[in-house]
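Undergrad: Before we start, here is the structure in question, set down as structure tokens.
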Amino acid sequence: MKILMSRPESVAIDYAIKNFTEVIQSSEYLDYTPEFLREVIVADELDVDCEFDVFEAIMHWYEHDKTEREKWLATLISSTRLVQFDTVFITQHIQILPGCEQIARNALKWISKPIKHNTAPTSVYKKPRKQRLCLLAIQNSTTLPSKQVKYLQRYNRALDVWQRCCEVEYLDCIYDLVLHHESLLFFGARTHGLQKHTTIKRLDLKTLTWNKTVKLERRRDELCVALYGDNIYTFGGFDGSQALNTVEIFDIHKSCWQPRASMNVCRYGASTDVYDKKIYIFGGWGADGKPLNSVEYYDPKKNVCVKCTNMFEARGRPGVSAVTTKKFRKT
């Protein structure tokens, strides 16, 4: 159903779409008409990090006046990207809502057999929104692995809180990771008994399932990893007896490792960042086990590591980020 709008209404809807995480916190949001709200949440450009935020916004609006708004609930829920929810969430949170039983069953069918059900009742089910960045956090213990449950957490901009997304059955520690094609790749780690290993594990963020990929060339932990172009670069690490200065490149398409020019300093527990077509390596611990203040960069084009000016203070596992034309080290 296409809602005909006057120009002022169209401008208001466009504003709500572009500033959704802000407007849903206002008191005016609770006074939205159901027609207005549907035009907002169906938009591909909706300002959300995650489809769960859309669901929570709908429920917040609905619970403000359940009696009058119950008849609109199914229409609004069907305007979300239902296939982006997992089956457990749909069953436990959507299927139980008034008037949403059939919508939930249709979504579950599409998720289980997407090829055969290529004519879903509404194309909104499977149409992705415009991609946006969000903040994720996962525990990376510096002590021995334990059976303590770990969680993948997501920052909810609308509520200004960190929320648990799922349990993570990953008992290793002291790894590094990169985000690649909607998956988290975990490189090197320490398992029970302080044993280093060569495993690279992949967590699919869509299905929340684990897979193993090509192994590292050498057992180690506390290496640092950077994604640049179609390649993944690993730097240094600790193999159980010594700090390493090795640099290796993993070609994602060819699925193979190749050695590259070594770093000037052996280090583990360092941090990397990509800036101006170079990969910078900051701090960490040296061969003597003491924190480093040294910085160097690796030039992928020239295959060379070049020393930079040292930081003022030595740091292990420093947090780094590129901001405009400067580098900042966060303690």
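The values are calculated or read from the model by the stated rules, or taken from the named source; none is laboratory data. Keep in mind it's a predicted model, so treat the numbers as computed, not measured. Because the Cβ atoms are built from the backbone with ideal geometry, glycine has one as well, and the counts that use them run over all protein chains shown.
Undergrad: With segment 214-257 as the region, which strands (runs of 3 or more DSSP E) entirely inside it contain at least 2 residues that are crowded, with 16+ Cβ neighbours inside 10 Å, on the phi < 0 side of the Ramachandran plot and aliphatic (A, V, I, L, M)?
TA: 224-228, 247-251
Undergrad: Here's another thing I want to ask about it. I'd like the residue in segment 219-234 that is among the charged types (D, E, K, R) and in contact with a strand residue (DSSP E or B) (Cβ under 6 Å, 6 or more places away or on another chain) and, out of all such residues, is modelled with the highest pLDDT.
TA: Glu222
Undergrad: Right, something else. Can Asn303 be described as touching a strand residue (DSSP E or B) at 6+ places or on another chain (Cβ under 6 Å) and touching a residue at least 60 places away in the same chain (Cβ under 8 Å)? I'd like the intermediate steps shown before the answer.
TA: On the way: touching a strand residue (DSSP E or B) at 6+ places or on another chain (Cβ under 6 Å): yes; touching a residue at least 60 places away in the same chain (Cβ under 8 Å): no.
Taking the combined requirement at face value, the residue does not satisfy it.
Undergrad: Restricting to segment 235-249, name every residue that is touching a strand residue (DSSP E or B) at 6+ places or on another chain (Cβ under 6 Å) and either more than 15 Å from Asn303 (Cβ to Cβ) or outside the structural domain of His180 (by TED's automatic domain parsing) (or both).
TA: Residues satisfying the conditions are Gly236, Gly237, Phe238, Asp239, Gly240, Ala243.
Undergrad: A follow-up question, please. Could you list, in sequence order, the residues of segment 284-324 that are outside any loop (DSSP other than H, G, I, E, B), farther than 16 Å from Arg267 by Cα and over 29 Å from the mean Cα position of the chain (by Cα)?
TA: Val304
Undergrad: While we're looking at this one, here's another question. Is one or more of the residues making up segment 35-54 free of Cβ contacts under 8 Å to residues at least 12 places away in the same chain and not charged (D, E, K, R)?
TA: No, segment 35-54 contains no residue that is free of Cβ contacts under 8 Å to residues at least 12 places away in the same chain and not charged (D, E, K, R).
Undergrad: Another question, then. Might you let me know whether segment 172-185 holds any residue that is at pLDDT below 75, over 15 Å from Ile232 (Cα atoms), β-branched (Val, Ile, Thr) and touching a Lys or Arg at 6+ places or on another chain (Cβ under 8 Å)?
TA: yes
Undergrad: Given (1) under 25 Å from Leu185 (Cβ atoms); (2) surrounded by 14 or more Cβ atoms within 10 Å (Cβ to Cβ), where does Gly286 come up short, assuming only one miss?
TA: Of (1) under 25 Å from Leu185 (Cβ atoms); (2) surrounded by 14 or more Cβ atoms within 10 Å (Cβ to Cβ), only one is false for Gly286: (1).
Undergrad: Can you tell me how many residues in segment 186-212 are closer than 25 Å to Arg267 by Cβ and modelled with pLDDT under 75?
TA: 11
Undergrad: If we keep just the residues of segment 96-141 that are among the small types (Gly, Ala, Ser) and over 30 Å from Gly269 (Cβ atoms), which is modelled with the lowest pLDDT?
TA: Filtering segment 96-141 down to residues among the small types (Gly, Ala, Ser) leaves 99, 104, 107, 112, 120, 123, 137, 141.
Applying the additional criterion that residues be over 30 Å from Gly269 (Cβ atoms) yields 99, 104, 107, 112, 120, 123.
Details: Gly99: 94, Ala104: 91, Ala107: 87, Ser112: 77, Ala120: 48, Ser123: 45.
Once the filter is applied, the top-ranked residue is Ser123.
Undergrad: Could I ask something else about it? I'd like the residue in segment 247-269 that is of a type in the set (Val, Ile, Thr) and farther than 14 Å from Ile279 by Cβ and, out of all such residues, is farthest from the chain's Cα centre (by Cα).
TA: Within segment 247-269, the subset of a type in the set (Val, Ile, Thr) is 247, 249, 252, 265.
Remaining after also requiring farther than 14 Å from Ile279 by Cβ: 252, 265.
Working: Ile252: 19, Val265: 31 Å.
So, considering only residues that are of a type in the set (Val, Ile, Thr) and farther than 14 Å from Ile279 by Cβ, the one farthest from the chain's Cα centre (by Cα) is Val265.
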